[in-house]
Amino acid sequence: MTEGVFPVDIGPQYEGEVIRKTDMRIEFGGPNVRSKFELVAIKEPAEIVHEKVEVVGPDIAEFPEESSQPIALLVEIGGSRLEKDIEPVLERRLHLYLNYIEGVYHMNQRQDIWIRLRKDSFNKGLNSLKILGDMLIFLYSSEIDIIEKIQVTFITDGSKVEELLPRAMQVYGARDEKARGLREADVEEFYSCALCQSFAPTHICCITPERIANCGAINWFDGKAAYQLDPEGPIQAVKKGEILDAVRGEYTGANQLALEKSMGAYNKVYLHSAFAYPHTSCGCFQAICFYIPEVDAFGIVHRDFEGDTVIGAPFTTLAGDTSGGRQVEGFLGIALEYLRSPSFLKADGGWYRIVWMPQIIKELFRDACPMDLYDKIATENDVHNVEELVEFLDRVEHPWVKGEIKLPV
Ligand code: SF4
């Protein structure tokens, strides 16, 4: 596609390429790094130096081989037809474009990003973030014609990344806030995203006002903006169709989407249940709802949780069970923002069926948790295994365990 222009090739054939630890020259972000994020901002064209790429902190070659480093990736874009609303859509394109680059792997989003560079691509000459920035500018400019100006900044100085992260979190929070008032009943269209099919070919995200995409990076408004920007792109409008099951969140439009985009692997999807026909999970989900059979209830674990969950497995093991574009009963990849949805696991008992979650998530989502339940959900500070969990739930009289919660029919 770009022979001779850059040291390595660019093209969709490189999507889905996984880089093992032993093959990597360096990784930025990922589970071993606390501070990392990516952010796209729309700016006034006058504020942007077109095609400028800046690296603040050491560059790739200055870091030890096979090391994990902090990163902030900032892309600033200007154009008279670009509006603020489009920022999350352009930001999600980083996942697509970085994975187009030979020997580059990009996973996750926002404050969870994970970028790896393969040794052979480094040896071919992709040895500076400046080159990576030039490649991103090339991809953005050639794929989205309403971009008039673009500049890219990589920050690898850990203290600076840490300093800027709270501001990025505010931006993400404001985007999520915007979508909270809208309901599935208010719209005629949902949006589908196929961006992760390179890693999970039968996975398709169905994005509704009450179910933000698994990665947490695309809500219903973002889906709408993305479709308007690029009607032939990876995000498509889906006619909602008839509602077949209001409790489980089953719609004819979502079923049709599942059938077509999973290549026949499944033909039914419940948007708000972890049982029977749950929404599929690729690998970019922010958290997992996992079934705990001993208490017939769910735990939640997020990507950054270190150590074992209450069932004795860490996030990575559960992610393996959940991912791959399959419908796995009892394992649901979700965005954390979905915890704020009025339809969160509606068919299965919602928040009242949750019995364990990391302390940090419990605190961050206190506003979404029913007040009478907050102290009855165990964390890693309360219990360490299922035996202790059973004892805890009995002691605090968790309403699900006491049989006080009736499932909607
Ligand atoms: S998780 Fe879903 S919405 Fe997010 S990029 Fe992947 S397919 Fe698209």
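A few remarks follow.
- Each residue, residue 367 and residue 188, gets one label point 7 Å from its Cα in the Cβ direction; the gap between the two is 3.3 nm.
- Expressed per residue, the C-alpha convex hull volume of the chain stands at 136 Å³.
- Estimated inter-spin distance, residue 67 and residue 360, nm [label 7 Å along Cα→Cβ]: 2.3
- Volume per residue that the Cα convex hull of region 188-325 spans, once the total is divided by residue count, Å³: 108
- Among 220, 351, a tally of other beta-carbon atoms within 10 Å of each Cβ gives an order, fewest to most, of 351, 220.
- Charge dipole magnitude, Cβ of K and R +1, D and E -1 - region 184-396, Cα centre, debye nearest 20: 560
- A Gaussian network model of the chain, with springs between Cα atoms under 10 Å, assigns the largest mean-square fluctuation among 135, 357, 169 to 169.
- Across the chain, the longest run free of exposed loop sites, meaning trypsin sites (Lys or Arg not before Pro) lying outside DSSP classes H, G, I, E and B with no more than 10 other Cβ atoms within 10 Å, spans 82-365.
- Counted residue by residue at 0.36 nm each, then reduced by the alpha carbon distance between them, the extension gain from residue 49 to residue 406 reaches 122.6 nm.
- Cα gyration tensor of region 1-105 - equivalent ellipsoid semi-axes, whole Å, descending: 26, 18, 14
- With K and R counted +1 and D and E -1, the other residues having a Cβ less than 13 Å from that of residue 271 yield a net charge of +1.
- Remark: the residue 171-residue 239 segment gains 21.5 nm on full extension, using 0.36 nm per residue and subtracting the alpha carbon distance.
- Placing a label point 7 Å from the Cα of residue 294 along the Cα-to-Cβ line, the residues of region 344-371 whose backbone N sits under 20 Å from it are 353-359.
- Out-of-range pairs (alpha-carbon distance over 21 Å; input 21/52; 224/261; 346/376; 21/124; 268/402; 362/406): 21/52; 268/402; 362/406
- A crude spin-label estimate for the pair residue 308 and residue 379, with each label 7 Å from Cα along the Cβ direction, gives 2.1 nm.
- Divided by 2.2 N^0.38 Å, where N counts the residues, the Cα radius of gyration of region 12-178 comes to 0.98.
- Spin-label zone in region 183-212 - amide nitrogen under 20 Å from a point set 7 Å from the Cα of residue 232 along the C-beta vector: 192-198
- Antiparallel DSSP beta bridges within the chain, as percent of all bridges there, nearest 5: 70
- Derived scalar couplings ³J(HN,Hα) [region 153-170; Karplus, 6.51 cos²θ - 1.76 cosθ + 1.60; whole Hz; x for Gly, Pro]: 10, 10, 10, 10, 7, x, 5, 6, 4, 4, 5, 8, 4, x, 5, 5, 4, 5
- For the pair region 41-106 / region 251-273, the C-alpha centres are spaced 34 Å from each other.
- Per the chain, cysteines lacking a partner by the 4.7 Å Cβ criterion: 206, 289, 369
- Amide hydrogen neighbours beyond the local backbone of residue 101, cut-off 5 Å, H modeled: 11
- FRET efficiency for residue 329 and residue 157, using Cβ-Cβ distance with R0 set to 45 Å, rounded to 0.05: 0.50
- Helix-only CD estimate at 222 nm, as mean residue ellipticity for the chain, using -39500 (n - 2.57) per DSSP H run (n ≥ 4): -7500 deg cm²/dmol
- On the principal axes of its alpha-carbon atoms, region 112-240 has extents of 52, 33, 32 Å, going from largest to smallest.
Every number in this text was worked out from the coordinates using simple rules, so none of it is lab data. As the structure is a computational prediction, the values presented were derived from the model and not from experiment. Note that we place each Cβ from the backbone using ideal geometry, even for glycine, and neighbour counts take in every protein chain shown.
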